[in-house]
Each structure stands twice: as structure tokens, then as C-alpha cells.
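Colleague: Input: one structure, supplied below.
The values are calculated or read from the model by the stated rules, or taken from the named source; none is laboratory data. As the structure is a computational prediction, the values presented were derived from the model and not from experiment. Don't worry about glycine lacking a Cβ; one is built from the backbone with ideal geometry, like all the others, and counts go over all protein chains shown. Heavy atoms of the whole protein, side chains included, go into the accessibility calculation; ligands, DNA and RNA do not. Shrake-Rupley method; radii C 1.70, N 1.55, O 1.52, S 1.80 Å.
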2 protein chains.
Amino acid sequence: MRTDPSNGQAGESRQTYDQKLEFVLQRAAEVFAERGFHRASIRELARATGMSLAGHYYYFRSKNEALFRICDHVLRQILDTFEERAKAIDDPLERLRLLVFTHLEISLSHMREMKVLSHEAESLRGEYLAKIRQTKKRYYDSLASILREIRGDRRGNGRDLRLAAMTLFGSMNWIYTWYRPEVDGEAKRLTDFMLGIFLRGFLGGEGATARRAGRILRHPSR
Amino acid sequence: MRTDPSNGQAGESRQTYDQKLEFVLQRAAEVFAERGFHRASIRELARATGMSLAGHYYYFRSKNEALFRICDHVLRQILDTFEERAKAIDDPLERLRLLVFTHLEISLSHMREMKVLSHEAESLRGEYLAKIRQTKKRYYDSLASILREIRGDRRGNGRDLRLAAMTLFGSMNWIYTWYRPEVDGEAKRLTDFMLGIFLRGFLGGEGATARRAGRILRHPSR
DNA sequence: TAGCTATTCGAACGTTCGTTCGAATCCTTC
DNA sequence: GAAGGATTCGAACGAACGTTCGAATAGCTA
């Protein structure tokens, strides 16, 4: 049995393994999203992939590892994409728009993985849970630091900042419970809407930053 | 075996039965909230109540019925409390504040039940699921109609209204994932904060309604 | 105290679960 | 076409699950 994907022989076979792993995890995400992690069995996963029950254990050590990989992958995808895109951006308002847009864009294109992440990640145990929480915290810190910068530490306190961040995360992470693509439009529209509500609310509609936010909200740069 | 609580003999014994049922469901909510509905077993519930495994089937027909009762009870509690309180209130801004406050107040005082409702209700099947969804829709319609009244149908469209309602619900329903009473304060503070963000954002900071909302937000009536 | 009903229990049933293991098959390389 | 690792499979394991059922107990009424 192969113990570590990176140890395999190089070339074509390596690629095939990674592709199949991705395929298996994608189907797993669909099954977990539809049925819930604990209710879904690996026998159902077998039905969804066309493989045998035992065959899946070639791609993950346990059901929990499969869950971890799904959660970790989509969470890192959001965080990495945001950090890559934000490298060239200094304006905190633009960085906030980028964070919201990236979050929503990946949420809509990976709805099932996001549902699994939001809904089932806390079922993880031990090291798996610790790693996911650590990445989530890194993500939260990114948002909090942007908000702190936007507000310029002139008003409010740390508790308000925490509430603001959680309020925004709540709006975004709740999407998987109601979003329907044919009704609700695409990521850009949702970004304009949710960022609009949040930013006007967060800045209180007064001051120079708020007026600049008003211009950005009326003429979004992307 | 008793088939319907309301058929029992009257008086003390009746009261005892209802009290014990409430006790059992409260413990069940704690276990379901902590472990998740599918992972939690009735044997664990037995450990939490001090009763035997079989004894629980005197209070509910199935594990699914227990879940339904928990969800239905807390959902109705929010809706009924809000409708009762809102009877005497005409101003839609005040009604919105009442809705948010009631939702948050009951969320904080029944955090475990709310977590079960938000997290596990979609695991229900058949008639149970239909009933919960129906009540949720009634609740959504209440909010949507208030928002429509506030906006006065002057701007935006039905889709925007839907997004606004879901954005607000998202902020409120996400609370169970992060709320810590010693850090985040009580329902009134959360209401002022979340309603403030949402209302300024929803009204766009312009027009007479927005100015009136500004006054209400600065001098909350409760 | 006797009798009746409400309440609780121990024990078991059939099912499904995650996981393991040795064998079978596939695919590449020589 | 033989060799050898990569990949897949059938079959089975023990454990845990939701639910049932008849018996036992508790508590009230007569």
C-alpha cells in the first residue's frame, strides 16, 4: 500500500493518483453536504464514485481524514487566494472588498465544500480540529486587522471589532442555507450588496472614511 | 403505554409528566448541541438524564421526534414572543428592533436549542421537516414584510429584499458559533450593534427614513 | 390493603457502521 | 511476456446504533 503520495514514482501515474484523489474528495464533499457527515457512510461514497467500499481507504486513512482534507482544502483556497490577490493592494477598503469577494466567489463555486466546512468541521477531533481552528483564526485575524485599519482606532473598542467581524462572517457563511444561483445572482452582486450593508453600517455614515467608502460602494473597482 | 399526553388523568400527575418531558427535551438539546444529532446516541441521553435507554421512549416515539420537538419549541418561542410583543407596535423600525431583540434574547438564553435548530433541523424527514420549514417561512415573511414597509417600496426590488433579509438572518444565526457571554455582552448590546450595522447599511444613510433611523439607533427605546 | 394505571427498566433484535486484510487485477517497465 | 509496484476488491470483524417488548416498579384511588 502507498503511504505517502509524494513518494510514488514520478510522471503520469503520480498525476493520475492526485487527480483521482481530488475526484474522490469532491464526491465525498457532495455526499457529506447532502446527507451530513455522520449520516453519510463510506458505502454511500462508494456508490457515488463507482468504487468499492474498501477501495476508498487507499485515498484516506479514515472517514475523519477525508473530512479534514475537504475542509482544509477549501479554507486554504479562500485564504491563499485572498492573500495572493491582496499583495498589491494597500487601501484597507479595497482589501476588505477583496476579502468579501474572494470569500463569496469561492463559496458559490464550491458550495458543497463550504457547507461541509461550515457545518461539519467542528466534528473533527484532535490534531485535525486544531489545524482547522488555527487556519480559521488566521483568517479571522486578517479580517480584524483590516477592520482595525479602516476604523483607524479612533472609535469603539476591541469588543466592537470582534462583533463587527463576526457579523460579517455570519452573513457570508450563512449563504449555503439559502443561496439559489438562478435567483440570487453571482458573487459580484452579492459582494456589492453585503459589503454595502456592512460598510455603511460599520462606518456609521459619517466622517471622511465613510464618504470615501460611499464613493467606492457606488463605483466598485471590480 | 400512554399515547397522548393530553389524555392522561388530570392534576398532579399530568403536571409531573409535562415537567419531566421538558426536562428530558432540555437534556436532549444539550447532548445534541454538544455532540451533534447523529453522533449523539440515546444511550448518551440516558447517561445525561439518569434514566434508562428504553425509558426515553415513553417521552418520544423516536429520536427524530425528539429533534423535532426541540426545534419546533424554540422556533415557536421566538415567533410567538415577537408576535405578542409586536401587537402594540406600528412603527416598522420599532418592529424590526423588536424582531432582532427577541431573536437575540432567546438565542442567548437558549443557545443549545438554537444551535440544534440552526444546525440539525434539516436532518428532519417528512412531515417534521415540512412543519419546521413552514414555520421558518412564516418567520421569514414577517421580516420581509417589515423590511418592505421600512423601505416603502421606493427603491430596490424583491431580490434585494431577499438578500437583505438573509444577510440579517445570517448575522443572527451565526452567533452560536462564536458567542461567549463574558466577552460579548448581553442581548441588548448585540441588538444595538447588529441592528445598527444592518439598518444604516439597508437604508443607505440618505433620506428621511434613514435620518429617523439614525435617531432611533442613537436613542434606542428599549 | 387491593387494584389499576403511569412510569421505568433489562434484555434482546436486526441493522448498519468504520475499518482491516489478504487476494486479485491493472499498468508500466524491462 | 515476466516482474513488480500501484490500485482495487470481496469478505469479514467487532462495535454501536435505534427500536421493541414483556416484565417490574411506583404512585394514586377506592
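Colleague: Pick out, in residue order, every one of the trypsin sites (Lys or Arg not before Pro) in the range A:44-111 that is DSSP loop and has at most 11 other C-beta atoms within 10 Å; say none if there are none.
Modeller: Hits after loop and neighbour filter: A:Arg61, A:Lys87.
Colleague: Here's another thing I want to ask about it. What do you get for trypsin sites (Lys or Arg not before Pro) in the range A:119-178 restricted to DSSP loop and a cutoff of at most 14 other Cβ within 10 Å of the site's Cβ?
Modeller: A:Arg125, A:Arg154, A:Arg155
Colleague: While we're here: Please give the FRET efficiency for B:Glu22 paired with A:His73, using the beta carbon to beta carbon distance and R0 = 35 Å, rounded to the nearest 0.05.
Modeller: 0.20
Colleague: Which entries of A:Lys20/A:Lys131; A:Lys20/B:Lys131; A:Lys115/B:Lys131 have Cα-Cα distances beyond 32 Å here?
Modeller: Those over the limit are A:Lys20/B:Lys131.
Colleague: Using a 7 Å offset from the Cα along the Cα-to-Cβ direction at both A:Gln134 and A:Thr177, what is the distance between the two label points in nm, to one decimal?
Modeller: 3.1
Colleague: OK, next. Summarise the accessible area of the range B:83-163 (1.4 Å probe, protein heavy atoms) by the percent that is carbon and sulfur.
Modeller: In the range B:83-163, the share of accessible area belonging to carbon and sulfur is 47 percent.
Colleague: Sticking with this structure for a sec: Counting only other chains, and only Cβ atoms inside 10 Å, what mean value do you get across the residues of A:184-193?
Modeller: Neighbouring Cβ atoms belonging to other protein chains average 2 per residue here.
Colleague: Taking 2.2 N^0.38 Å as the expected size of a compact globular protein, what ratio does the Cα radius of gyration of the range A:41-110 give against it, to two decimals?
Modeller: Scaled against compact globular proteins, the figure is 1.57.
Colleague: Still on this structure, I have one more. What is the spin-label model distance, in nm, from A:Arg159 to B:Glu127 if the labels are put 7 Å beyond Cα along the C-beta direction?
Modeller: Result: 4.7 nm between the two label points.
Colleague: Then there is this: Would you calculate the separation in nanometres between label points at B:Arg39 and B:Ala54, each defined as 7 Å from the Cα along the Cα-to-beta-carbon direction?
Modeller: Using points 7 Å along Cα→Cβ, the separation is 3.0 nm.
Colleague: Turning to a different aspect of this structure: Which distances, in nm and shortest first, link the A:Thr81 label point to the same label point in every other copy, taking 7 Å along Cα→Cβ?
Modeller: For A:Thr81, the inter-copy label distances come out at 3.9 nm.
Colleague: Using only protein heavy atoms and a 1.4 Å probe, how much accessible area in total is buried between A and B, to the nearest 100 Å²?
Modeller: 3600
Colleague: How high is the FRET efficiency between B:Lys87 and B:Arg61 when r is their beta carbon distance and R₀ equals 35 Å, given to the nearest 0.05?
Modeller: Given R0 = 35 Å and the Cβ-Cβ separation, E is 0.50.
Colleague: Ignoring ligands, DNA and RNA, what accessible area per residue does the range A:68-218 give at 1.4 Å, in Å²?
Modeller: 44
Colleague: Further, regarding this structure: Where the convex hull is taken over the Cα atoms of the range A:68-218, what is its projected area averaged over directions, in nm²?
Modeller: 9.2
Colleague: Restricting to Cα pairs below 8 Å that are 6+ residues apart, what does the relative contact order work out to for the range A:68-218? Please round to a whole percent.
Modeller: Relative contact order comes out at 29 percent.
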